[in-house]
Amino acid sequence: MYALTAPLIVLTLAAAAATPTPAPPPAERRTALDVLRELVEIDTTHEHGSTTPAAEAIAKRLRAAGIPDADIRILGPSPTKQNLVARLHGTARRPPLLLLGHLDVVEARRTDWTMDPFHLNERDGYYYGRGTADMKSLDAYWVVHFLRLHREKHPLDRDVILALTADEEAGDENGVEWLLAHAPELIRAAYALNEGGGGELKAGHRRANDVQASEKGYFTFHLEVHNKGGHSSLPERDNAIVRLSHALIAVHDHAFEARLTPVTRAYFERLSSIETGAVAADLRAIVATNAGKPLDAAAVARLSALPFYNARLRTTCVPTRVQAGHADNALPQLATAIVNCRLLPGDSVDDVRHALERAIADDAVTVAPTGRVDSGPDSPLLPELFQAVTAVTTHLWPGVPVLPVMSTGATDGRFLRAAGIPTYGVSGLFGDIDDVRAHGRDERVGVQAFYEGLEFTWELVLGLTSTSAAN
């Protein structure tokens, strides 16, 4: 099912050398930067922001370009959680293409950053600001291409849908899920292009252009320890904070079984021809293992020391929040923690919970599931899409291979896949795999990389939608 043929994925035995990339027209560059700046400088965090002003700002641009009001919708579950959905009409020879992006971002505190996170800053060849990497750059691409398709009156053999949504970043009223429940006809498509993919930079060299076809499931556990408490001047051996600390160390030290999915097997197999030295040898060793058999233990151990590979080899769980005690001079009566897990496709919540309980080995620590696991099936490696991605990649960056990947982070693609809409993360936006700043301090994208991604996504969208490209 997931076998890739040579026409779909072009591979080389070494990472390609940097080559000049065709630049987008100056007007498109200016518009993309204007849209990126506008989106970054609208606070769309859950804590004190809103996606509604961002949705309205983009809708204003679409109306100014002459797109009919009837083809622009702003809707959502609450005043601060509005989504934008717009449509360009084609001949309907093929079913629609959905360009998906989320408008919300995670919190960013000015005291944590070296600059204002809600102001687009250009410094040392980078654009800085919350959302530049996740994912307002790609939002800007989709808006610019949507406007350009309309303005240049390209003959479309399918409708093109633009959906910019709320609450992807673990919000309470997820935009895509809400749209699927309340207005599915607005976003029903043959497939969607979304975040989750992109270019890999390693030591300054482009080594691969990734297409996300799979992602880990997102799930959270609540750990809790109760104690009778008492006066801090009379400490006891049984302390809720200490017991919870031991439990969290056990979670931190626990390694789930390493295994390959069809997508990660294809990814590692092709990456073994790009990596060098011991890492390449270890990748070859694990993909040589027959499906269902234990992977080479020594190779797994070495690869697991590298976070980039460890997260793609196994389910992971990590403590992300703790809270304990009620007074400085009192023994804690309650200590709690949040453990966030990312599940490989096929791993169940019950299996993960039992594994954590065995690792903790303390009946005083309760491990309670919270919510549900959000996951969907893998997307098929669609020839139409992979041929187009490969063609554009080869044009812009000769010799750079296209790889199918499983994303370690969650995206809204999981909801679409579960609803029967295959979804692919693809952006052409290259970033350093050893310096990932999404959700972190001083989030940024390279200036040159931003415009290269703009050109890549334009050529891709045009190739997937225009009548001449399809014939």
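The values are calculated or read from the model by the stated rules, or taken from the named source; none is laboratory data. These numbers were taken from a predicted model, which means no experiment stands behind them. Note that each Cβ is placed from the backbone with ideal geometry, even for glycine, and that neighbours are counted across all protein chains shown.
Just name the residue that is nearest to residue 43 (Cα to Cα) out of those in the stretch 104-118 that are in a loop (DSSP other than H, G, I, E, B) and in contact with a Lys or Arg (Cβ under 7 Å, 6 or more places away or on another chain). It comes out as 118. For the stretch 375-397, a tally of residues being part of a helix (DSSP H, G or I) and not aliphatic (A, V, I, L, M) returns 8. The lone criterion from (1) in contact (Cβ under 8 Å) with a residue 24 or more places away in the chain; (2) in contact with a strand residue (DSSP E or B) (Cβ under 8 Å, 6 or more places away or on another chain) left unmet by residue 258 is number (2). Tell me yes or no: at least one residue of the stretch 436-450 is within 16 Å of residue 211 (Cα to Cα), of a type outside the set (A, V, I, L, M) and surrounded by 24 or more Cβ atoms within 10 Å (Cβ to Cβ). No, there is no match, as no residue in the stretch 436-450 is within 16 Å of residue 211 (Cα to Cα), of a type outside the set (A, V, I, L, M) and surrounded by 24 or more Cβ atoms within 10 Å (Cβ to Cβ).
Here is a yes/no grid of residues against (1) under 20 Å from residue 431 (Cα atoms); (2) of a type in the set (A, V, I, L, M); (3) outside the structural domain of residue 449 (by TED's automatic domain parsing):
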position: 62; (1), (2), (3): no, yes, no
position: 78; (1), (2), (3): no, no, no
position: 81; (1), (2), (3): no, no, no
position: 131; (1), (2), (3): yes, no, no
position: 144; (1), (2), (3): no, yes, no
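On the given criteria, is residue 395 farther than 28 Å from residue 246 by Cβ and not β-branched (Val, Ile, Thr)? So residue 395 passes the test.
Conditions tested, residue by residue: (1) in the same structural domain as residue 189 (by TED's automatic domain parsing); (2) surrounded by fewer than 24 Cβ atoms within 10 Å (Cβ to Cβ); (3) farther than 16 Å from residue 36 by Cβ.
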{"position": "74", "(1), (2), (3)": "yes, yes, yes"}
{"position": "94", "(1), (2), (3)": "yes, yes, yes"}
{"position": "102", "(1), (2), (3)": "yes, no, no"}
{"position": "110", "(1), (2), (3)": "yes, yes, yes"}
{"position": "118", "(1), (2), (3)": "yes, yes, no"}
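In the set 436, 400, only one residue is at pLDDT 95 or above, part of a loop (DSSP other than H, G, I, E, B) and among the β-branched types (Val, Ile, Thr); that residue is 400. Within the stretch 410-432, the set of residues being surrounded by fewer than 18 Cβ atoms within 10 Å (Cβ to Cβ) and part of a loop (DSSP other than H, G, I, E, B) comprises 419, 420.
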